[in-house]
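Enquirer: Below is one structure. I have some questions about it.
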Amino acid sequence: MTLLRDDGLAAAFDHAARSYDSLVAANPGYRAQLRRSARRLGLPRGDEGLRVLDLGCGTGASTAALRAVLPGARITAVDASAGMLERAAAKAWPGGRVTFVHAPAERLARAGVRGPFDAVFAAYLLRNASDPDAVLTAVRGVLAPGGRLGVHEYALGGRRTDRAVWTLVCRGIVQPAATVLGDGELYRHLWRSVVEFDTAGRLAGRVRAAGFDRVRVLPLPGWQTGIAHTVVARRADTERGAGTEWRAGTEWRAGIERRAGR
């Protein structure tokens, strides 16, 4: 099969939205791993002034992870699938502070999503994008100078065993279950989208080339070791030593570090 892209992928996610949470619940550690990646952003937990963009929020699992780690933050949650977004928005979000927006990741401004954000969190998004570099460019554009990026993604470690375990899990467990639910095409796409996407190291290089620095690749534990990783980075200062952008970034980082107690 060919990879699903753009409108075709959004339609497949629309159809799968009704059963998506049930399949997620069967994945050991799925929600805990999202919370781990959210913590790796390194933002101060108690700061109510933070603005965070949850890009590719799906049915809200990544949004819930951000709320758990950053309860005071204002979160804008974006997804290209209207069906997934409807499920996310229908859930209880005590205290508000969460806004849901229907938009492709590459066209944030057209949907009224504008920065600056203190952080962008993208879970299981980049490998599904037709142009992941365009997504990273859009992300950089809405981040404050020095703002944080967290990419939580199925990006294989590069060993043969990583691909073998991923294939075993997909073909032995995920795809049969999804086929029964009528979503086999989407989850066949899931397998292929991972094996044809960047390894974790190449993903880090892609992020660095998009204008980010302090790029780190952090493995996730459990059965996903060697399969899923967190890539964390910071929007690089483009005018280091001069200009308002560099000064704004310096002041932003100083404030974050004071509030985090560093």
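Enquirer: Would you mind checking which residues have amide H under 5 Å from residue 156's amide H? H placed 1.01 Å from N; only 5 or more apart, or other chain.
Expert: 200
Enquirer: Here's something else I'd like to know. Mind putting a number on the dipole of the chain about its Cα centre? Charges go on the C-beta only, +1 for Lys and Arg and -1 for Asp and Glu, and I need it in Debye to the nearest 20.
Expert: Dipole magnitude for the chain comes out near 880 debye.
Enquirer: Could you check how much of the accessible area of the chain is carbon and sulfur, as a whole percent, using a 1.4 Å probe?
Expert: Carbon-and-sulfur percentage of accessible area, whole number: 53.
Enquirer: Would you kindly work out the equivalent ellipsoid of the stretch 122-203 from its C-alpha gyration tensor and give its semi-axes, the square roots of five times the eigenvalues, largest first in whole Å?
Expert: Output for the stretch 122-203: semi-axes of 28, 16, 10 Å.
Enquirer: May I pose another question? Most fluctuating residue of 146, 182, 60 in a GNM of the chain with Cα springs under 10 Å: which is it?
Expert: 182
Enquirer: How far, in degrees from 0 to 90, does helix 30-39 lean away from the longest principal axis of the Cα atoms of the chain, to the nearest 10?
Expert: Compared with the principal axis, the helix lies near 10 degrees.
Enquirer: Measuring with a 1.4 Å probe in the full set of protein chains, what accessible area per residue, in whole Å², belongs to the chain?
Expert: I get 44 Å² per residue for this part.
Enquirer: In addition: Once every Cα of the stretch 81-120 carries one equal point scatterer and solvent is ignored, give the base-10 log of I(q)/I(0) from the Debye formula at q = 0.21, 0.23, 0.26, 0.27 Å⁻¹, two decimals.
Expert: -0.82, -0.93, -1.05, -1.08
Enquirer: Still on this structure, I have one more. With each pseudo-label sitting 7 Å past Cα toward Cβ, what's the residue 6-residue 19 distance in nm, one decimal?
Expert: Distance between the two pseudo-spin positions: 2.8 nm.
Enquirer: Right, here's the next one. Write down, largest first, the equivalent ellipsoid semi-axes of the chain in whole Å, where each equals the square root of 5 times an eigenvalue of the alpha-carbon gyration tensor.
Expert: So the equivalent ellipsoid measures 30, 20, 17 Å along its semi-axes.
Enquirer: Under a GNM of the chain (C-alpha, springs under 10 Å), which listed residue has the highest mean-square fluctuation: 108, 55, 66?
Expert: Among 108, 55, 66, the largest mean-square fluctuation in the Gaussian network model of the chain belongs to 108.
Enquirer: Right, another one. Apply the Debye scattering formula to the stretch 17-124, with a single equal point scatterer on each alpha-carbon and no solvent, then give log10 I(q)/I(0) at q = 0.13, 0.15, 0.21, 0.23 Å⁻¹.
Expert: Calculated log10 I(q)/I(0) at the listed q: -0.43, -0.58, -1.16, -1.36.
Enquirer: Sticking with this one: List the equivalent ellipsoid semi-axes of the stretch 1-46 in whole Å, largest first, each obtained as the square root of 5λ for an eigenvalue λ of the Cα gyration tensor.
Expert: 28, 15, 10
The values are calculated or read from the model by the stated rules, or taken from the named source; none is laboratory data. Bear in mind that the values here come from a model prediction, so they are computed numbers and not experimental data. So basically every Cβ, Gly included, is an ideal-geometry build from the backbone, and we count neighbours across all protein chains shown. To get the accessible areas, we keep the full protein, side chains included, count just its heavy atoms, and leave off ligands, DNA and RNA. Shrake-Rupley method; radii C 1.70, N 1.55, O 1.52, S 1.80 Å.
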